[in-house]
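The structure appears right after this line, and notes come after that.
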Amino acid sequence: MTMVAFSNDNTFYLGIQNYPETEVEIDGISINGIIRDLFKNELKLNVKEVHGSWRESHNNLEKGTIDALGLVTKNTVRKNNILLSKPIFSENLYVASDKIPLDSPYDLMNQTIYVFKGDEIPIKHLKDFLEKNNIDANIVEVDNIDDFKDNFYLDSEFIALKSQNRLLVSFLAPVCIGVNKKYEYLLPHINTALNKKYSKKISNHFKNLPLYYQRERFQNSLTEEEKDFLSQKKFITTSLEDDISLSIYIKNSDKFIGILPEYIDKIASIIEIPIKYTYNGKKWTYIQKKFKQEEIDFLTLSTTAEGKSSYIFSEAIDYIPMHLLNHIDSGDYNVGVLKDGKSQDIGKEYFIEEDMKIYNSTAELFEAFKKDEVGYIISPYNIYDRDCGKQHKDIKIKDIPINFAFSKKQKILRDIFNKAIAVIGDIDKNEIRNFVEIDQKEYVLNITEEAEEKKKIWYITIFILLVLISKIVFQKKLTKALKYDQLTNLPNRYLFNEFCKKNDFIKGAVIVIDLDNFKKTNDKYGHSKGDSVLSEVGKLLLDVFPRENTFRISGDEFYLYYGDNDLLERLEKLIYLGKNSNIITKYNISFSIGYYIKNNDESLELSFEKADIAMYDAKKINGFSIMQYKK
């Protein structure tokens, strides 16, 4: 790359935002440090730093009193006044609080939310969010948001990450480096530097910030005794039950997958002490024996009356659903439960004691279920159908807590775990649940492959080709099942997310379609009729739009991307087909359609939000309706 030469007399004024968050060091460098390095060492400019607040720095850049500023959000106002680099990453907008719990939009009802004075675009996003959720809240504009962080405040993701209590409002904007227009020739060099290494550095720093703040909150909560305890610990031991959906042991790689190991690994990263898994693959009864002998520091156990008499327990780290599973064609009314577990307590609520059969481990419980020794089982684990070939029903009974058990001598360790659990917020829990869901689907694919490999041993050479063919066909079907909605045959949310990642800044139309009166159909005629409506809508969409860009997101909501110029003709055709469909008209279903024509400098996430707003405007019109989002 050809460098721009600057003499010592040519001072380049670099804006530095004076916020503690911009000077947080992870792996020895801060966000401001990365920006300094780019301009000083990579571009070799004669840099003079100009420090100021967020607002002062942006005003200085727009007035031309500084030459560049890192981490500028991309919007129309700034685009007209300054030059922007390629997007480094995309940032969301949050309502947050350092002190007040914030689990859902309804926690904001009749509350005050503090916002930066004159920050038009974020304030508009907040108002749209409140209106969409029918929330009445008082928005107060202030000069300095830092004075109000114990209350509810609105800020970008970079700042809001420091607060444990956060609620996503909307996509905010891509984040770029802003440059004074007189340095237009510098922009290609900045983009090259970003592509070379600096985009990755900034993105990695941003990705690691949540854990940094969790560790900070955790350390601040510890007593001196607890700090001393951790300083003397080289590692902590635990063990998990094998072959259940909460913790599945992968023998080949000697690791566990599932929600329990994810939470345990999360706690290990917060307390910065390794947690080692011991007695992998051993029977659960053997592991419990070792725990009673205090050879294991903690286990995941149910908080039953018997358990509480023997151990002390952590706070709940999460809640999982308990299921009543039964074979439809089984005439056996006995129910299998796990000894000294929550399933045994729940069984006593719903079944008479004579009908209950008690098992020592989950593996024994499922084996009995497969062999028809019991017609019902109560369990939190619903991945069993990889082994159970019979038709079955799955009914959720109630949610139960996940707790860690410790010997009564381990009170300090229990208290340390409670403080680590306290800094894990709902956003982290949702990320863990989503990651585990994908992980388990991959596991189903893997065990299918392993089963096919074992079969080869028993086949003679002439059958090998047939086995391989059947394996490939089955894998394709299973992969399709994981990526396509089985009811409408449309790509699902997983493929939608993949589409957005690969095509974030393409140009074209984004469309949101919602079915009117669908809930009434479900409630009045039952879910089977609702399913027939959804299946019909899937067929109509495929008659009009390409399958690869048509997604069923959830329930009766569909997202589409369309890049050609005949959009209105196609939407009119869809409405024509809907009005002439016997199933659609029979149940008084109609389509509310919102669309937005996006440019290639807008993200798909933001564009679909705009299409969603247009869809809600379309709903205000009775019957089949189309509405375009306009600025």
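Collect residues whose amide H, placed 1.01 Å from N in the peptide plane, falls under 5 Å from the amide H of residue 47; neighbours closer than 5 in sequence don't count.
Those lying under 5 Å, H to H, from residue 47 are 12.
I'd like the Karplus ³J(HN,Hα) series for the range 567-582: coefficients 6.51, -1.76, 1.60, θ = phi - 60°, whole numbers in Hz, and an x wherever there's a Gly or Pro.
So the J values, rounded to whole Hz, are 4, 4, 4, 5, 5, 5, 5, 4, 5, 4, 5, x, 5, 9, 8, 4.
Suppose all protein chains stay in the model; what accessible area per residue would a 1.4 Å probe give for the chain, in Å²?
50 Å²
Using a simple charge model, +1 on the beta-carbon of Lys and Arg, -1 on the beta-carbon of Asp and Glu, nothing else, what dipole does the range 230-424 show about its Cα centre, in debye to the nearest 20?
860 debye
How big is the charge dipole of the chain about its Cα centre, in debye rounded to the nearest 20, if each Lys and Arg gets +1 on its Cβ and each Asp and Glu gets -1 on its Cβ?
Here the size comes out at about 1340 debye.
Could you run the Karplus curve 6.51 cos²θ - 1.76 cosθ + 1.60 with θ = phi - 60° over the range 413-419 and give me ³J(HN,Hα) per residue in whole Hz, x for Gly and Pro?
For the range 413-419, the Karplus-derived couplings read 4, 4, 5, 5, 4, 4, 6 Hz, x marking Gly and Pro.
For the chain, what does the helix formula give at 222 nm: sum of -39500 (n - 2.57) over DSSP H segments with n ≥ 4, over the residue count, nearest 500 deg cm²/dmol?
-12500 deg cm²/dmol
Hey, what did the chain get for relative contact order, percent, Cα under 8 Å, at least 6 apart?
Computed over the chain, the figure is 10 percent.
Keeping all protein chains in position, work out how much accessible area residue 147 exposes to a 1.4 Å probe, and write it in Å² to the nearest 10.
110 Å²
By per-residue mean of other Cβ atoms within 10 Å, what is the highest-first order of 220-227, 287-294?
287-294, 220-227
Show me the three semi-axes of the equivalent ellipsoid for the range 184-326, from the C-alpha gyration tensor (sqrt of 5 times each eigenvalue), largest first, rounded to whole Å.
The three semi-axes for the range 184-326 are 39, 21, 15 Å.
What spacing in nm lies between the two simple spin-label points modelled at residue 282 and residue 431, each 7 Å away from Cα in the Cβ direction?
3.4 nm
For the chain, which whole percent of the accessible surface, found with a 1.4 angstrom probe, sits on carbon and sulfur atoms?
48 percent
For residue 272, what accessible surface area do you get with a 1.4 Å probe? Give it in Å², rounded to 10.
The accessible area comes out at roughly 100 Å².
Write down Rg/Rh for the range 493-628, rounded to two decimals, with Rg from the C-alpha atoms and Rh from the Kirkwood relation over Cα pairs.
Taking Rg over the Kirkwood Rh, I get 0.96.
Using just the alpha carbons, could you tell me how many Å³ per residue the convex hull of the range 345-384 encloses?
Once divided by residue count, the hull of the range 345-384 is 77 Å³.
Please compute P(r) over all alpha-carbon pairs of the range 288-377, binned at 10 Å starting from zero, and give each bin as a whole-number percent.
Distribution as computed: 15, 43, 30, 12, 1 percent.
Using alpha carbon coordinates only, what is the Rg to Rh ratio of the range 230-424, with Rh defined as the Kirkwood radius?
Result: Rg/Rh = 0.98.
So which of 233/255; 74/124; 48/86; 289/339; 610/630; 520/619 end up more than 20 Å apart, counting from Cα to Cα?
Cα-Cα > 20 Å for 233/255; 48/86; rest within.
Go through the range 587-598 residue by residue and turn each phi into a ³J(HN,Hα) via Karplus (6.51, -1.76, 1.60, θ = phi - 60°); whole Hz please, and just put x for glycine and proline.
Calculated HN-Hα couplings, in order: 9, 6, 8, 9, 10, 9, 10, x, 9, 9, 8, 9 Hz.
Could you work out the relative contact order of the range 493-628, using alpha carbon pairs under 8 angstrom and six or more residues apart, expressed as a whole percent?
Computed over the range 493-628, the figure is 37 percent.
Please list, ordered by chain and number, the residues whose modelled amide H lies under 5 Å from the amide H of residue 400; skip anything fewer than 5 residues away on the same chain.
Here 320, 322 satisfy the definition.
Which whole-number percentage describes the relative contact order of the range 230-424, with Cα contacts under 8 Å and a sequence gap of 6 or more?
Over the range 230-424, the number comes to 29 percent.
For the chain, what is the largest minus smallest coordinate of the Cα atoms on each principal axis, given in angstrom and ordered from greatest to least?
87, 74, 63
With all distinct Cα pairs included, what does the Kirkwood hydrodynamic radius of the range 12-221 come out to in Å, to one decimal, could you say?
Kirkwood radius, the range 12-221: 18.0 Å.
The values are calculated or read from the model by the stated rules, or taken from the named source; none is laboratory data. What you see is a predicted model, and the numbers here were worked out from it, not measured in a lab. Glycine also receives a Cβ, built like all others from the backbone with ideal geometry; neighbour counts cover every protein chain displayed. The accessibility values were calculated without ligands, DNA or RNA, using every heavy atom of the protein model including side chains. Shrake-Rupley method; radii C 1.70, N 1.55, O 1.52, S 1.80 Å.
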